[in-house]
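**Student:** I'd like to ask some things about the structure below.
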Amino acid sequence: MKLVKIGMIGFGNVGHGFIQALIEKKAFFRNELGLEFLITSITDIRYGTIYHPDGLPLKKLASAHDFYEMDPSYFRDWNTIQMIRNAESDVIIELSFTDLKTGEPAVLHCQEALLSGKHVITSNKGPIALHYSMLKGLARDNGVKIGCEGTVMSGSPALRLAIDSLLPTGVTEIKGILNGTTNFILTEMENGSSYDEALKEAQRLGYAEADPSGDVEGFDTAGKVAILSHLVFGTFIKPENIERIGISDITVEDVQEALKNKMHWKLIGSVKKTENGVEASVKPIMLHEDNPLANIKGAGNAIQYRSDLLGEITLIGPGAGRKETAAALIEDLVHIFQ
Ligand code: HSE
């Protein structure tokens with residue numbers, strides 16, 4: 001049995017989903033893969049740091065809202081950097097809040113972990129959209145890996161499909177619905193809800209970013225487009241330099257009018273190779289119901305790859321949510337340690 005010790009940064013929605021997933025899949029990991037995952041440490045900006053080198057109790061953690069419900073002997077006076085350096089761990093799972101302007105504090109956390117010879121897995125778009133090359137270089141120099149499947153379409157394997165399978169077939173264009181919150185809002189507006197009601201519900205369900213303007217103004221999609229451009233096409237584009245229009249100007253009337261003509265408003269992120277280099281954009285587009293992307297409902301996402309050898313490949317799946325993002329962390333863990 002291979003024992004893998006995990007240090008976790010962030011004890012929010014996705015963190016809880018991850019702990020729950022470890023509990024649910026424990027028997028599969030042991031019996032089918034010969035892997036046993038222990039969470040030895042968690043640090044959260046609100047609650048501090050808890051640690052036990054033999055593993056914290058997962059069931060207790062899954063039901064805890066904060067660390068004050070945990071045994072006081074677990075508490076350490078470590079900040080995040082000290083936790084990364086001091087806690088016994090093979091991998092750091094970085095789940096702090098996303099900042100697409102600077103990537104911080106997650107970039108610092110990832111750097112520190114890689115420099116300490118620990119693998120990094122993150123669903124945080126900031127460090128991957130802004131500093132992937134630097135982090136990848138650090139990982140290579142320190143003999144470890146960085147997993148980031150959850151940054152695009154949560155656990156739906158959008159990045160792995162492109163990087164591990166489609167790249168040699170000549171990918172020329174990528175486009176899709178890459179934000180769950182906005183697709184949920186547009187779907188709810190088709191069902192008659194107001195924009196504000198739909199946004200509140202998306203927040204309650206844990207799809208929206210801490211600052212939901214990141215979703216509705218298209219920044220989140222721009223971050224994902226930047227990640228796709230960098231990881232699939234090898235071309236770095238700063239998210240802020242991507243042409244971007246959000247959905248906040250789309251009204252219930254617009255959505256209902258489109259429906260009468262069998263059309264659906266969707267926020268589409270795209271990036272393609274052209275003679276002048278890579279072109280990227282984020283904007284709402286009206287799609288006819290015959291288009292597979294038009295029929296993606298709720299927080300669902302979809303991505304279409306255009307390949308020289310294969311034509312069009314569409315992957316449809318969840319794009320947000322605690323369990324769905326936790327699935328990406330699990331996928332990365334198993335890829336690194338199996
Ligand atoms: N706020 C994001 C979304 C979360 O709604 O898609 C997943 O990246």
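The values are calculated or read from the model by the stated rules, or taken from the named source; none is laboratory data. All values derive from a computational prediction rather than experimental measurement. All Cβ positions, even for glycine, are placed from backbone atoms using ideal geometry, and neighbour counts span all protein chains on display.
**Student:** If residue 122 passes every condition in (1) among the hydroxyl-bearing types (Ser, Thr, Tyr); (2) surrounded by fewer than 23 Cβ atoms within 10 Å (Cβ to Cβ); (3) closer than 25 Å to residue 55 by Cα but one, which one does it miss?
**Tutor:** Failing condition for residue 122: (2).
**Student:** Determine which single condition residue 182 fails, assuming it passes every other condition in (1) surrounded by fewer than 24 Cβ atoms within 10 Å (Cβ to Cβ); (2) more than 16 Å from residue 325 (Cβ to Cβ); (3) within 12 Å of the ligand (Cβ to nearest atom).
**Tutor:** (1)
**Student:** When segment 197-216 is examined, which residues are found to be surrounded by fewer than 17 Cβ atoms within 10 Å (Cβ to Cβ) and more than 17 Å from residue 300 (Cβ to Cβ)?
**Tutor:** 197, 200, 203, 204, 210, 211, 213
**Student:** Which of (1) more than 18 Å from the chain's Cα centre (by Cα); (2) acidic (Asp, Glu); (3) buried (at least 17 other Cβ atoms within 10 Å of the Cβ) does residue 220 not meet, given it meets every other one?
**Tutor:** Only one criterion is unmet by residue 220, namely (1).
**Student:** Just to verify a result, which residue in segment 145-165, among those that are farther than 14 Å from residue 333 by Cβ and part of a helix (DSSP H, G or I), is nearest to the ligand (Cβ to nearest atom)?
**Tutor:** That would be 151.
**Student:** Right, next: If you take the residues of segment 133-169 that are of a type in the set (Ser, Thr, Tyr) and surrounded by fewer than 19 Cβ atoms within 10 Å (Cβ to Cβ), which of them is farthest from residue 311 (Cα to Cα)?
**Tutor:** The extreme case among them is 133.
**Student:** Give me the pairs: first residue in segment 281-293 and under 14 Å from residue 260 (Cα atoms), second residue part of a loop (DSSP other than H, G, I, E, B), beta-carbon distance under 8 Å, and six or more apart or on different chains, which are they?
**Tutor:** 288/262; 289/262
**Student:** Then there's this: Mind checking which pairs have a first residue in segment 54-80 that is more than 12 Å from residue 23 (Cα to Cα) and in the same structural domain as residue 19 (by TED's automatic domain parsing) and a second that is of a type in the set (Lys, Arg) and assigned to a helix (DSSP H, G or I), Cβ under 7 Å, 6 or more apart or different chains?
**Tutor:** Within 7 Å, the pairs are 70/60.
**Student:** Another question, then. Exactly one of (1) within 19 Å of the chain's Cα centre (by Cα); (2) away from the ligand (no atom under 14 Å from the Cβ); (3) not aromatic (Phe, Trp, Tyr) is unmet by residue 124. Its number?
**Tutor:** Result: residue 124 passes all but (2).
**Student:** On to the next question. Return the pairs, sorted by first residue and then second, in which the second residue is of a type in the set (S, T, N, Q) and assigned to a helix (DSSP H, G or I), the first residue lies in segment 127-145 and is within 12 Å of residue 116 (Cβ to Cβ), the beta carbons are less than 9 Å apart, and the residues are 6+ apart or on different chains.
**Tutor:** 138/111
**Student:** For segment 191-209, name all the residues that are more than 9 Å from the ligand (Cβ to nearest atom) and either β-branched (Val, Ile, Thr) or not in a helix (DSSP H, G or I) (or both).
**Tutor:** Scanning segment 191-209 gives 191, 192, 193, 194, 205.
**Student:** One residue is enough: does segment 64-81 have a residue meeting the conditions at pLDDT 95 or above, surrounded by fewer than 21 Cβ atoms within 10 Å (Cβ to Cβ) and in contact with a Ser or Thr (Cβ under 6 Å, 6 or more places away or on another chain)?
**Tutor:** Looking through segment 64-81, at least one residue is at pLDDT 95 or above, surrounded by fewer than 21 Cβ atoms within 10 Å (Cβ to Cβ) and in contact with a Ser or Thr (Cβ under 6 Å, 6 or more places away or on another chain).
**Student:** Given 106, 113, which one is outside the structural domain of residue 178 (by TED's automatic domain parsing), more than 16 Å from the ligand (Cβ to nearest atom) and closer than 30 Å to residue 212 by Cα?
**Tutor:** That would be 113, the only listed residue that is outside the structural domain of residue 178 (by TED's automatic domain parsing), more than 16 Å from the ligand (Cβ to nearest atom) and closer than 30 Å to residue 212 by Cα.
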